[in-house]
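Take a look at the structure below.
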Number of protein chains: 2
Amino acid sequence: MEKQKISSAVINRLPAYLRLFTELEERGVAHVSSNEISDLMGTTASQVRQDFSNFGGFGRQGYGYDVKFLCQQMQQILGLDKTYNMIIVGGGKIGQALANYQGYDALGFFIKAVFDKEVWHVRVPSHIDVFPTEDMKDFVAKNKIDIAVLCTPKDVALETAKQIADAGIKAIWNFASQEIKIDGVLVENVHLNESLFLLTYKMQNQD
Amino acid sequence: MEKQKISSAVINRLPAYLRLFTELEERGVAHVSSNEISDLMGTTASQVRQDFSNFGGFGRQGYGYDVKFLCQQMQQILGLDKTYNMIIVGGGKIGQALANYQGYDALGFFIKAVFDKEVWHVRVPSHIDVFPTEDMKDFVAKNKIDIAVLCTPKDVALETAKQIADAGIKAIWNFASQEIKIDGVLVENVHLNESLFLLTYKMQNQD
């Protein structure tokens with residue numbers, strides 16, 4: 001499983017680093033120091049340098065890190081220099097919201113189809129096909145699909161995840177509030193409410 | 001701003017601790033050691049103890065921490081022992097998905113109304129009222145609203161956030177992919193795609 005032994009705490013910080021580097025690049029910042037990064041991330045400069053050392057250090061110079069290079073490197077580390085074909089499984093409100101969101105193509109994630117038990121309820125852009133869930137296996141056999149976005153209700157999530165695995169998909173982005181563990185399938189859970197709880201934390205501690 | 005100087009790295013971990021403690025409680029686990037917690041969190045036992053020391057240490061005994069007590073304490077720290085009234089501003093797919101999600105009441109978050117420019121497009125449960133955005137200020141003056149959930153398209157997010165602040169709401173849960181900074185208003189951003197990027201990271205590094 002592990003090429004390099006990078007702790008999950010470090011891995012979990014990578015998307016936040018990418019977000020920061022992208023913001024800096026968009027603002028036209030050319031170089032950034034580990035002190036500036038740590039300020040913006042709410043951590044310490046030594047932590048930043050330690051995190052970066054897992055990836056070869058990103059070539060810090062006297063004037064700091066090259067922001068463009070940081071962006072590029074972090075995208076590559078996260079696998080965002082590639083493209084991915086996705087299907088959405090579960091065409092309820094969340095599944096529809098994701099299918100209707102225009103931003104995934106630009107990120108290299110292509111939504112190829114939506115699957116639902118009741119296809120007539122599902123409204124998505126016309127270039128995305130909607131099929132009954134039982135057709136998923138056939139579809140995946142004919143189309144290279146990298147990621148299934150699991151958007152079913154909680155009570156059918158596990159059973160649906162097994163169908164996804166059975167169809168040969170190896171990665172699930174899980175929006176169903178249901179723990180999924182299947183051998184040989186990577187699962188990442190979306191914890192939507194965590195930022196809401198950070199908000200209520202800050203509401204208690206603001207004065 | 002700061003009662004106790006708790007680093008934002010620690011604060012950001014609190015919702016994950018709550019999730020873990022809740023899972024343990026649901027599984028009927030009575031006691032847990034800092035080693036077990038650190039294993040499940042992907043961090044170190046000394047980090048766990050250091051994190052906990054910010055909140056008085058949670059009374060570790062010889063047989064570990066009391067899981068029920070940890071849950072209770074973490075809920076209180078995050079302000080989840082209180083209830084909050086929310087409005088959803090922007091009744092598109094994401095706003096509707098949140099309004100239709102049945103889980104917020106049980107968490108103590110009550111959705112009082114949805115605001116949108118085009119109320120006739122918005123389908124939400126019948127107990128939630130839908131009003132035109134220009135009525136927000138009046139509504140907030142008559143109803144105690146703690147949190148606005150910002151779900152507009154990116155291009156009107158900043159302007160809408162200013163209306164929210166102008167209506168007197170002090171906390172925004174931000175689903176619009178637009179950085180919002182307003183004096184005196186707490187903002188937490190939802191970074192939906194970060195878990196997707198963790199998934200693609202793991203897809204690169206699984207073998």
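Any idea how many residues of the stretch A:85-123 are in a loop (DSSP other than H, G, I, E, B) and either out of contact with any helix residue (DSSP H, G or I) (no Cβ under 6 Å at 6 or more places or on another chain) or under 19 Å from B:LEU98 (Cβ atoms) (or both)?
Total satisfying the criteria: 10.
Restricted to the stretch A:39-84, and to residues that are aliphatic (A, V, I, L, M) and assigned to a loop (DSSP other than H, G, I, E, B), which residue is farthest from A:GLU118 (Cα to Cα)?
In this case the residue turns out to be A:LEU78.
So which residues in the stretch A:2-39 are exposed (fewer than 15 other Cβ atoms within 10 Å of the Cβ), free of Cβ contacts under 8 Å to residues at least 24 places away in the same chain and at negative phi?
Matches in the stretch A:2-39: A:GLU2, A:LYS3, A:LYS5, A:SER7, A:SER8, A:GLU23, A:GLU26, A:ARG27, A:ASN35, A:ASP39.
Answer yes or no: is there a residue in the stretch A:28-36 that is within 23 Å of the chain's Cα centre (by Cα) and polar (S, T, N, Q).
no
Of all residues being out of contact with any Ser or Thr (no Cβ under 6 Å at 6 or more places or on another chain) and more than 9 Å from chain A (Cβ to nearest Cβ) in the stretch B:176-207, which is nearest to B:ASN143 (Cα to Cα)? Just the residue, please.
Within the stretch B:176-207, the match that is nearest to B:ASN143 (Cα to Cα) is B:VAL185.
Restricting to the stretch B:51-97, name every residue that is among the small types (Gly, Ala, Ser) and closer than 26 Å to B:VAL32 by Cβ.
Matches in the stretch B:51-97: B:SER53, B:GLY56, B:GLY57, B:GLY59, B:GLY62, B:GLY64, B:GLY79.
Listed here are the residues, each with its yes/no results for (1) within 13 Å of chain B (Cβ to nearest Cβ); (2) touching a Gly at 6+ places or on another chain (Cβ under 9 Å); (3) within 30 Å of B:GLN96 (Cα to Cα).
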{"residue": "A:ALA9", "(1), (2), (3)": "yes, yes, no"}
{"residue": "A:GLU23", "(1), (2), (3)": "yes, no, yes"}
{"residue": "A:VAL29", "(1), (2), (3)": "no, no, no"}
{"residue": "A:VAL32", "(1), (2), (3)": "no, yes, no"}
{"residue": "A:SER38", "(1), (2), (3)": "yes, no, no"}
{"residue": "A:MET41", "(1), (2), (3)": "yes, no, no"}
{"residue": "A:PHE52", "(1), (2), (3)": "no, no, no"}
{"residue": "A:LYS68", "(1), (2), (3)": "no, no, no"}
{"residue": "A:GLN72", "(1), (2), (3)": "no, no, no"}
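Can you pull out every residue in the stretch B:15-46 that is within 15 Å of B:PHE69 (Cα to Cα) and in contact with a Phe, Trp or Tyr (Cβ under 8 Å, 6 or more places away or on another chain)?
B:LEU18, B:HIS31, B:VAL32, B:SER33, B:SER34, B:ILE37, listed by residue number.
State whether one or more residues within the stretch B:5-26 are over 16 Å from the mean Cα position of the chain (by Cα) and under 30 Å from B:GLY168 (Cβ atoms).
yes
Since every read-out is calculated from the coordinates, none of them should be taken as a lab result. Since the model is a prediction, treat every value here as computed from it, not as a measurement. Here the Cβ is made from the backbone with ideal geometry for all residues, glycine too, and neighbour counts use every protein chain on show.
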